[in-house]
Amino acid sequence: MEVRNVSKSFAGAKGFRDVLSGIHFSVEEGDFVSIVGSMGAGKSTFMNILSGLVKADSGTVTIGGKAVTGIHPRASVVFQNYSLLPWFSALENVRLAVDAAYPDWPRKKQIEQATRFLETVGLSGALHKRPSQLSGGMRQRVAIARAFATDPEILLLDEPFSALDALTRATLQQELIDLCSRAGRAVTVIMITNNLDEALLLSDRIVPMTRPPRASLGTPIEVRLPKPRSASLLMHDPHAVRIRAEVVERLAEFVHTKKPAAPVVPIKTATVAEERAS
């Protein structure tokens, strides 16, 4: 994935506000990259641009040299807000994603695939419940099962484990590790997280995002630790401690560095004469 000079602004009551500015970013096939930053910096906006759900105002995003114009057929996205279809059961929400990825599979095989991943996230007793009957953490587990069940080549994860309890989070982190390490498959993962321990556990690189407005990405920090990793190892490994300190220091620098406020560009309202002329 290649991102070149991407910028994005949104219209508000007082005009246009710059959110992202001049972002350059690249990910090699099979990389696991985590993006960390302050709340409201624009991380989710950036993820939506990468996924093809939101169009950048300027710049380019390519996957395998081809411009991103929508969700990649072999990509899965896990959103912060679950994005489940409320009129379908958990099982059917996941099966629909499997059907989109493998339309030639018979329905029975699709159901088996969906069931297996829902069981993996601990929802064997909630297969036929609708999202309104599930807690927030359970809905997030359905969303994660949906992403994993398609056997994606690209995973885009927006705070995927933030709503989960510690035990379920650890289980799904391990499932993500297993998914990325299966023989013969190179899964490329870009994850937004505010959990540095999680980033250290999973990532090949950690990329800090500058503070808003007009946020961009800082220099990537390499995580040169052998895999698989464990939380206990990261607590005592000197290199892990140094990486954690470097990430925190980099983010602190962004907070204390003076940055000019993004200009608010007034939204032009056409006059009656202009409307008639058009």
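Values in this text are rule-based calculations from the coordinates and carry no lab data. If you're wondering where the values come from, they're calculated on a predicted model, not measured in any experiment. Because the Cβ atoms are built from the backbone with ideal geometry, glycine has one as well, and the counts that use them run over all protein chains shown.
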ask   = Taking the Cα centre of the chain as the origin and placing charges on Cβ (Lys, Arg +1; Asp, Glu -1), which of Asn5, Phe16, Ala145 is farthest toward the positive end of the dipole?
value = Phe16
note = Rounded to the angstrom and largest first, Cα extents along the principal axes for region 1-102 equal 41, 36, 24
task = Kindly provide the Kirkwood hydrodynamic radius of region 42-118 in Å, to one decimal, from all pairs of distinct alpha carbon atoms.
result = 14.3 Å
request  = Any chance you could get the radius of gyration and Dmax over the Cα atoms of region 119-184, in Å?
outcome  = 12.0, 39
key: Charge tally in the Cβ shell below 14 Å around Gln133, where Lys, Arg are +1 and Asp, Glu are -1, Gln133 excluded   = +3
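To the nearest 500 deg cm²/dmol, what mean residue ellipticity at 222 nm is calculated for the chain from DSSP H runs of n ≥ 4 alone, each contributing -39,500 (n - 2.57), summed and divided by the residues? Spell out each step's value before the answer.
On the way: 9 runs with 103 residues, N = 278.
Rounded to the nearest 500, it is -11500 deg cm²/dmol.
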note = Magnitude of the Cβ-charge dipole (Lys and Arg +1, Asp and Glu -1) of region 25-139 about the Cα centre, nearest 20 debye, reported as 400 debye
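Taking only pairs that are 8 or more places apart or on different chains, how many Lys pairs in the chain have Cα atoms under 17 angstrom apart? Mind showing how you got there, number by number?
On the way: Lys8/Lys43; Lys8/Lys55; Lys14/Lys268; Lys43/Lys55; Lys55/Lys66.
Going through the chain pair by pair, I get 5.
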message = Starting from the 7 Å offset along Cα-to-Cβ, what nm value, one decimal, do you get for the label separation of Ser230 and Glu246?
response = 2.5 nm
message = Explain nothing, just the number: relative contact order of region 13-68, from Cα pairs under 8 Å at least 6 residues apart, as a whole percent.
response = 23 percent
ask   = Over region 56-176, with a single point scatterer placed on each C-alpha, what log10 of the ratio I(q)/I(0) does the Debye formula yield at q = 0.19 1/Å?
value = -1.00
inquiry  = To check my understanding: the extent here is largest minus smallest coordinate of the Cα atoms along each principal axis. What are those three numbers for region 91-239, in Å, largest first?
reply    = 48, 36, 36
ask   = More than 28 Å apart: what percent of Cα pairs in the chain qualify?
value = 42 percent
task = Restricting things to alpha carbons, find the Rg to Rh ratio for region 183-236 using the Kirkwood radius for Rh.
result = 1.03
